Every structure is written in C-alpha cells, then in structure tokens.
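Note sheet for the following structure.
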C-alpha cells in the first residue's frame with residue numbers, strides 16, 4: 001500500500017484541527033500529529049527567556065518557530081516507519097511556498113517509499129477572523145489586537161506550486177467558508193483516501 005505524509009494546512013483559524021480530527025477518525029491506518037501539542041513546551045521557552053508570550057514576535061520567529069517544525073517533522077517521519085499514512089496539522093506558512101523545501105521533503109519521502117499530500121483549506125479571511133474571536137485563545141491575542149497588520153501579511157492563495165501533475169493526491173482542496181462547501185469538499189477528499197481502507 002502506498003505511503004503518504006499528509007499536511008493539513010492553511011492560515012490560522014481556517015479549520016485545520018477540525019478537519020484533521022475528522023479525517024483521522026474516518027481514515028484507517030493513520031497517525032495524527034498536531035503541532036499545537038508542542039505549545040506548552042514553547043510557552044516554557046518564552047518564560048525561561050523572560051519574553052512575553054507572543055507567537056507573532058521576532059523572538060518566536062528566531063528562537064521557537066523552526067524548532068517546533070523540526071520536532072513535529074521528526075515525529076512524522078518516525079511514525080511513517082510504522083504506518084502508511086501520517087497526518088500533520090500545522091500552518092507550514094513558509095514551508096509550503098518554498099519550492100526548495102518541498103523538493104527536499106519529497107526526496108526524503110522517497111526513502112520511505114512515500115509521497116506528499118497537502119490538504120489546503122480555502123477559507124474567506126473574515127470567516128477566519130470570526131473563528132479566531134470565537135476560539136478566544138491566548139495565541140491569538142496579538143493577532144486580534146493588531147488585525148489589520150496581521151492579516152495584511154497572511155497569504156490565503158492556494159499554493160499551486162505544490163501540485164504535481166503525476167500525482168493526483170499532491171494537492172487537495174477543502175473549501176471551508178460555509179457548511180455546504182465543507183461537506184461537499186470533505187466527501188471529495190474522502191474519495192481519494194477510500195483506497196486506503
């Protein structure tokens with residue numbers, strides 16, 4: 001059976017966790033990893049460094065962010081040794097638009113006889129805004145207090161650079177601005193993974 005590493009990704013508050021958990025429940029033979037699981041460790045780094053907890057800060061970018069991704073990817077590759085499908089729920093904001101990063105990742109996956117699937121969540125920015133307000137998380141405080149500055153730097157465009165013409169599963173889109181769109185696109189994604197049942 002073909003192995004796949006699956007990224008469920010989008011800007012924050014687009015519905016990654018809800019979709020990931022639903023897919024992990026419906027798809028057999030899958031390991032689910034959520035980068036947010038590492039947040040308590042990251043908070044400790046802020047505390048030890050006597051820095052305010054701000055995941056949009058320069059300190060986070062330089063001292064925390066990349067380490068979170070390194071750890072979750074190490075866990076993902078370890079899991080891929082034992083299961084056919086490994087799903088990682090994380091924004092991958094910089095990584096998915098970095099063609100060199102993606103090329104190296106695909107090469108590494110070949111060593112595991114695996115391919116990359118990215119599920120990109122297509123969501124209206126204002127829908128994300130309202131979801132962020134509703135979830136009321138401390139990780140979003142700066143974003144909500146500085147919404148115009150924050151949202152101006154967020155890229156909602158579909159990362160078409162990820163699409164591989166030789167692999168129908170390279171880039172799957174999940175439309176998530178309305179309940180109707182959510183259900184119809186979820187069914188389409190599940191159709192792709194039915195062969196793994």
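Values quoted throughout were computed directly from the atomic coordinates according to the rules given, and no laboratory measurement underlies them. Since the model is a prediction, treat every value here as computed from it, not as a measurement. Cβ sites come from the backbone with ideal geometry, for glycine too, and all protein chains shown count toward neighbours.
Measure nothing but the geometry: give the 0 to 90° angle between the long axis through the Cα atoms of 125-135 and the longest principal axis through the Cα atoms of the chain, rounded to 10°. The answer is roughly 70 degrees. Cβ crowding within 10 Å, taken as a proxy for footprinting-reagent exposure, orders 29, 129, 174 from fewest neighbours to most as 29, 129, 174.
For the chain, averaging the sequence separation of C-alpha pairs within contact (under 8 Å, six or more residues apart) and dividing by the residue count gives a relative contact order of 33 percent.
Put simply, region 85-191 fits an ellipsoid with semi-axes of 28, 18, 12 Å; these come from the alpha carbon gyration tensor as the roots of five times its eigenvalues, largest first. Counting other Cβ atoms within 10 Å as a rough exposure proxy, the listed residues 18, 143 run 18, 143 from fewest neighbours to most. Rounded to the nearest 10 degrees, the inclination of helix 179-193 to the longest alpha-carbon principal axis of the chain is 50 degrees.
Taking other C-beta atoms within 10 angstrom as a stand-in for reagent exposure, 73, 190, 5 fall in the order 190, 73, 5, fewest first.
Bridge orientation summary for region 3-196: considering DSSP beta bridges with both residues in this region, about 5 percent are antiparallel. Here the simple spin-label model places points 7 Å from the Cα toward Cβ, and for residue 183 and residue 18 these points are separated by 1.4 nm.
Can you compute the label reach from residue 45? Point 7 Å from Cα along the Cβ direction, backbone N cut-off under 18 Å, restricted to region 54-82. Flagged as within label range: 54-76. What ratio of Cα Rg to 2.2 N^0.38 Å holds for the chain? My calculation over the Cα atoms of the chain gives 1.03.
Taking the C-alpha atoms only, the angle from helix 99-110 to the longest principal axis of the chain is near 50 degrees.
The stretch between residue 192 and residue 141 holds 14.6 nm of extra length on full extension. This uses 0.36 nm per residue minus the Cα-Cα distance.
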